[in-house]
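These notes concern the structure reproduced below.
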Amino acid sequence: MTADEAQDDPLPLQADSGQSWRPPGSVPATDGRVRKVREHFLDFYTEQYPRVVRFVMIARRATRHTAEDAAQEAFIEAWRTTKQPGAWNRVTNPEAWIRTIALRRHDRPGGTRRRELPTVPGIEDLATDIQCPHPDPADLATGTMRVLEALHTIHDDTARAVMAFTLDGYPDNVIAVHLGIKPQKVRNLRKKARTQLSRHLQTSHTQGGGAAR
């Protein structure tokens, strides 16, 4: 395995933070099991896709289209993983794992690019049932866009990623594993980011008050 392949290998990413989506247990690949895996994966995709898009937008100051590209490729990687016997069982926190893979796809040289689905057994049929869910525009306007504006003032990519994981409710030990840093580093970066956010919000409030007068 080359260094690049090792970097893209998603399977070592493991962290435990409670309940996570999992495909049905390790049983022979019968038609019934294939259908169940497919149904569970579609549920996972529908629930997590908008959240992963928002996560990449926050963590990398990405445009929505770029974040969607990264998210789509991450879910293709996830589907590929479910097709490998026993592979998905090694991913102990799929929700955090899918976010990390999306960041990798975004960060690779040249950036992520929209492309046709790669040849993965079963992906063609699965794609026909996938309806790319999108966040409600009102939610983006009142919530995400305000958060994005504030987080864009943080220039440290890792600090923004820490904040993105934190906003999605992940504990320090999970964030540390998926970013490859120590839990104390997570806390230090979050403290630094919150200080910057506080300053930005205070400045915005002051400027807004001045404009109103």
Task: Within segment 164-202, tally of residues that are closer than 26 Å to PRO50 by Cα and among the hydroxyl-bearing types (Ser, Thr, Tyr) - done: 2
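Considering only residues of segment 43-62 that are among the aliphatic types (A, V, I, L, M) and under 14 Å from LEU148 (Cβ atoms), which is surrounded by the most Cβ atoms within 10 Å (Cβ to Cβ)?
VAL56
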Task: Residues within segment 146-164 that are surrounded by 17 or more Cβ atoms within 10 Å (Cβ to Cβ), modelled with pLDDT under 90 and of a type in the set (D, E, K, R), tallied - done: 0
Task: Residue check for HIS65: at pLDDT 90 or above, over 13 Å from the mean Cα position of the chain (by Cα) and not assigned by TED's automatic domain parsing to the domain that holds GLU149 - done: yes
Task: Some residue of segment 165-188 being among the β-branched types (Val, Ile, Thr), part of a loop (DSSP other than H, G, I, E, B), within 23 Å of ARG99 (Cβ to Cβ) and at pLDDT below 65 - done: no
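The values are calculated or read from the model by the stated rules, or taken from the named source; none is laboratory data. Nothing here was measured: the structure is a model prediction, and the numbers come from that model. All Cβ positions, glycine included, derive from the backbone under ideal geometry; neighbour counts span all protein chains shown.
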